[in-house]
Amino acid sequence: MISGTSVKVTDVTSKCYRVANMSQAYVTLATNDGYAIGALVLGHSLRSNNTTRDLCIMITPTVSPSIKALLHGVFNKVISVDVLDSGDSAHLSLLKRPELGITFTKLHCWTLTEYSKCVFLDADMLCVQNPDELFSHPELTAVTDIGWPDCFNSGMFVFVPSRDTYAKLLRVAEEKGSFDGGDQGLLNTYFTDWHRISFVFNMVASATYTYLPAYKQFGVNAKLIHFLGSMKPWQHRYDVTSGSVQTPAGYHHLAPYLNSWWAIYIRLVQPGIPEMVAQQLAGLHLGQESIQEGLARWERGEPDYLGRDSFANIQAYIDSKLKSGK
Ligand code: UDP
Ligand code: MN
């Protein structure tokens, strides 16, 4: 136990999906509704691949109550972590390293000492085959990062919860910071002797086209798909009529996995969302294009001539600017 620690943690166990092996869990994290939706799809995908382990999610108070209610239906534990308000050593570390905000929240997974072993999964992942054999590996087991293969990618890692390790990680965070500004840099600084396992346990979706022959050879073994990068599955547009995702240029290779993600979302997540919340979700651009996406598409030279970028809309925009004198 870290001296003076009093982590503000609320812990509610859902009765749904209670499983035999209570001592091991998949753990994920969501600090907003978008990632929480991602976590819901991830949770369902693990359930439908018959995992025998618990599902646990750490959330911050910025996740809306209605989404939190949905999380209780899928996850065995929904743990509220508020580093900003905790008044503990994590908060003190955060004051020294404010740039590592979400990283400190992620580090909280080492405090889950009710579990003997866990697998952390980013909320932007999707399970396509049962990955439970991960639990037979020691801390810290992970997959190489495609950007710098000497490092592991921190979207998936096997770890053993421990207050001692947690305290050491906080110390490293304070003293050395993170060389990439996030959890991956920090964890790679601390865990230098990590164990490498197959890429199929954290298959970055873009690998499907960056090394196509390897994907054709090994892709069939993929267990966990990682939608790494700036555009997450819930930010793509889904066409209800065709029942498929409208993939922008540069994203076509992801279509099969994005469609699998959306199939779970439409079938298992969306029906549970009350009307009022559905309207809030529209603000997350679920099935709709955000202003940023629209700008990015425009900059890629792919205007939506019949929709948002139609002549009438552009004319109306110019008129409004002329009238306001800007
Ligand atoms: N995350 C979060 N809120 C954020 C950013 C990240 O909850 O605003 C969590 C979430 O679990 C996410 C993980 O941290 O999957 C890592 O971030 P991300 O997946 O966006 O990074 P990438 O894998 O694209 O490098
Ligand atoms: Mn990720």
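The values are calculated or read from the model by the stated rules, or taken from the named source; none is laboratory data. Note that the structure is a prediction, hence the values are computed from the model and not measured. Positions of Cβ are generated from backbone atoms using ideal geometry, with glycine treated the same way; all protein chains shown enter the neighbour counts.
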Discussion item. What are the pairs with Cβ atoms under 8 angstrom where one residue, in region 25-40, is within 23 Å of K117 (Cα to Cα) and touching a residue at least 60 places away in the same chain (Cβ under 8 Å) and the other, located anywhere, is in a helix (DSSP H, G or I) and of a type in the set (G, A, S)? Sequence gap at least six, or different chains.
Written reply: T28/A39; T28/G43; L29/A39; A30/A36; A30/G38; A30/A39
Practice prompt. Might you let me know whether region 150-161 holds any residue that is away from ligand 1 (no atom under 13 Å from the Cβ), under 21 Å from the mean Cα position of the chain (by Cα) and hydroxyl-bearing (S, T, Y)?
Written response: no
Practice prompt. Among what's in region 20-64 and is of a type in the set (S, T, Y) and part of a loop (DSSP other than H, G, I, E, B), pick the residue that is nearest to ligand 1 (Cβ to nearest atom).
Written response: T31
Discussion item. So, in region 140-169, exactly how many residues are over 16 Å from L224 (Cβ atoms), touching a residue at least 40 places away in the same chain (Cβ under 8 Å) and surrounded by fewer than 22 Cβ atoms within 10 Å (Cβ to Cβ)?
Written reply: 7
Worksheet item: From I197, I225, which residue is among the β-branched types (V, I, T) and within 13 Å of ligand 1 (Cβ to nearest atom)?
Response: I225
Worksheet item: In region 105-133, which residue that is of a type in the set (A, V, I, L, M, F, W, C) and over 25 Å from R163 (Cβ atoms) is farthest from ligand 2 (Cβ to nearest atom)?
Response: V128
Worksheet entry | A20 of a type in the set (G, A, S) and at pLDDT 95 or above | no
Discussion item. Every residue in region 73-91 that is modelled with pLDDT of 90 or more and either under 15 Å from Y26 (Cα atoms) or touching a Gly at 6+ places or on another chain (Cβ under 9 Å) (or both), please.
Written reply: G73, V74, F75, N76, K77, V78, I79
Practice prompt. Out of the residues in region 116-139 that are buried (at least 22 other Cβ atoms within 10 Å of the Cβ) and among the acidic types (D, E), state the one that is nearest to N188 (Cα to Cα).
Written response: D122
Worksheet entry | Selection from region 263-280 of residues that are crowded, with 16+ Cβ neighbours inside 10 Å and in contact with a helix residue (DSSP H, G or I) (Cβ under 7 Å, 6 or more places away or on another chain) | I264, Y265, L268, V269, I273, V277
Worksheet item: Of these, Y257, Y215, Y209, Y251, which one is more than 16 Å from ligand 1 (Cβ to nearest atom), in contact (Cβ under 8 Å) with a residue 12 or more places away in the chain and among the aromatic types (F, W, Y)?
Response: Y209
